[in-house]
Amino acid sequence: MAGSSGGDSAVGGPARHIPVLLAEVVAALQPAEGQTIIDGTFGAGGYTRALLAAGASVVAIDRDPDAIEAGRALETEAGGRLMLVHGPFSHLDEAAAEVDGVVLDIGVSSMQLDEAERGFSFRADGPLDMRMAQTGPSAADVVNRFKAGDLTRIFGLLGEERHAGRIARMIEKRREARPFLRTLDLADAIETHIGRKPGEKIHPATRVFQALRIYVNDELGELAAALSAAERVLKPGGRLAVVTFHSLEDRIVKRFIADRSSSPAGSRYLPEAQVKAATFDKRGGAISPTPDEIEANPRARSAKLRVAIRTAAPFRAADPSIFGLPKLPEIRLPVER
Ligand SMILES: C[S@@+](CC[C@H](N)C(=O)[O-])C[C@H]1O[C@@H](n2cnc3c(N)ncnc32)[C@H](O)[C@@H]1O
């Protein structure tokens, strides 16, 4: 599994988010005057700006209050063609109706990653936080309260960390004396415990950090729910474009599009009413960045874009079983603070 958008951010300098696969996303959405497109992951507004420039109106969602706040000037500038919505994209069908396009650019933004205080990265020390929405249980809550067995599942399933069990047991023991509150403390403890082979490129804590981030933000559940929401909100001919950064996410998009673009043939055992018509028309396979884009923006290296076009068939009931989501421990911690 490759790193997410910016797993290895550099420290220092103002954070700037370079939109990934921008030309390809615009080509997929074909924005035009009179259209309304939902940008489910506003971030720094890279996609939204391009959609506005093409004449479309945009409903842009982000669960991070900082991203929404930073977008207010653009909202004013757009003169009524941009509406910013603070919230999770799993509810994107509550923000608009009958739209021409939905775009999702999954993961964290460079601003989130590079700001030490958000606690996404161990390149600079910060609180062990990782909450995009800035509410709910943090990474520190998970690390300091979950049993070793649950941590093992999270690190193994969401980080594909082969030392998941060893790291989880180390955490359980160490936190008795001193809880993990800072990103560097956790990263150093993992490095000390697991060791690092000479020449090993990625830091031994990378996969655990990725797993915690995905878990704390329920990133896979959010994505699965957003795809069904997109199916409900897109008008016939409307376009869905999703950019992902690692295989767990890409698999969810791929499975959804495969499921929805197939229409099982009826049989005499299946009443006509139960034969489900395809709700999407799949457009090609995954699109990856060009070598030039990767050279200019290494954060793009594992990106994949998948595109599908909504048919006129009625939407289907959301069915979580099609995604093959990993079975994760439930968060049973105090949620609000
Ligand atoms: C990779 S950035 C998007 C960058 C954007 N396309 C641009 O060009 O500037 C992802 C953004 O989506 C937001 N996000 C991630 N998951 C979300 C979710 N489930 N609901 C709403 N926003 C989410 C993050 O807070 C972040 O700001």
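The values are calculated or read from the model by the stated rules, or taken from the named source; none is laboratory data. Just so it is clear, the structure is predicted and the values come from calculations on it, not from any experiment. Methodologically, a virtual Cβ is constructed for each residue, glycine included, from the backbone with ideal geometry; neighbour enumeration extends over all protein chains shown. With ligands, DNA and RNA removed, areas are computed over all heavy atoms of the protein, side chains included. Shrake-Rupley method; radii C 1.70, N 1.55, O 1.52, S 1.80 Å.
Here are a few things to note about the model shown:
- Largest first and in whole Å, the equivalent-ellipsoid semi-axes of region 87-208 read 30, 16, 15, each the square root of five times a Cα gyration tensor eigenvalue.
- Principal axis analysis of the Cα atoms in the chain yields extents of 61, 56, 42 Å, listed in decreasing size.
- Per residue accessible area of region 178-223, 1.4 Å probe, in Å²: 45 Å²
- Solvent-accessible ranking of His246, His203, largest area first, probe 1.4 Å: His203, His246
- Those aspartates and glutamates that a straight Cα-Cα span of less than 13 Å connects to Lys147, excepting residues fewer than 8 apart in one chain: Glu172, Glu176, Glu330
- ³J(HN,Hα) computed for each position of region 67-77 - Karplus, 6.51 cos²θ - 1.76 cosθ + 1.60, integer Hz, glycine/proline x: 5, 5, 4, 5, x, 4, 5, 5, 4, 5, 4
- For region 148-240, fraction of C-alpha pairs farther apart than 22 Å, in %: 40 percent
- Annotation: amide H-H contacts under 5 Å for Asp281 (H modelled 1.01 Å from N, sequence separation of 5 or more, or interchain): Ile309, Arg310, Thr311.
- Filter on Lys276/Lys327; Lys197/Lys304; Lys197/Lys254; Lys173/Lys254; Lys282/Lys327 - keep pairs with C-alpha separation over 32 Å: Lys197/Lys254; Lys173/Lys254
- Amide proton proximity set for Val102, modelled H, under 5 Å, gap of 5+: Ile38, Arg239, Leu240, Ala241
- Global geometry of region 63-105, whether rounded, prolate or oblate, following the gyration tensor of its Cα atoms and the 1.5 cut on a/c: oblate
- Sorted largest first by accessible area at a 1.4 angstrom probe radius, with every protein chain in place, the residues Thr183, Thr36 fall in the order Thr36, Thr183.
- Of all beta bridges that DSSP places with both ends in the chain, some 40 percent have antiparallel geometry.
- The longest part of the chain holding none of the exposed loop GluC sites (Glu not before Pro), meaning those outside H, G, I, E and B in DSSP with at most 15 other Cβ atoms within 10 Å, is 201-329.
- Taking each residue as 0.36 nm, the span from Glu77 to Glu33 lengthens on full extension beyond its C-alpha to C-alpha distance by 14.2 nm.
- Remark on Ala60: its backbone amide H falls under 5 Å from those of Asp39, Met83, Leu84, Val85, a criterion applied only to residues 5 or more positions apart or on other chains, H modelled at 1.01 Å from N.
- For region 99-114, putting each phi into the Karplus relation 6.51 cos²θ - 1.76 cosθ + 1.60 with θ = phi - 60° gives couplings of 9, 8, x, 9, 10, 10, 10, 6, x, 9, 8, 4, 5, 5, 5, 8 Hz, in residue order, rounded to whole numbers and with x for Gly and Pro.
- Largest to smallest accessible area among Lys304, Lys197 [probe 1.4 Å]: Lys197, Lys304
- Restricting region 185-237 to trypsin sites (Lys or Arg not before Pro) in coil, as DSSP defines it, with at most 15 other Cβ within 10 Å: Arg196, Lys201
- Surface composition of the chain: carbon and sulfur atoms hold 53% of the protein heavy-atom accessible area at a 1.4 Å probe.
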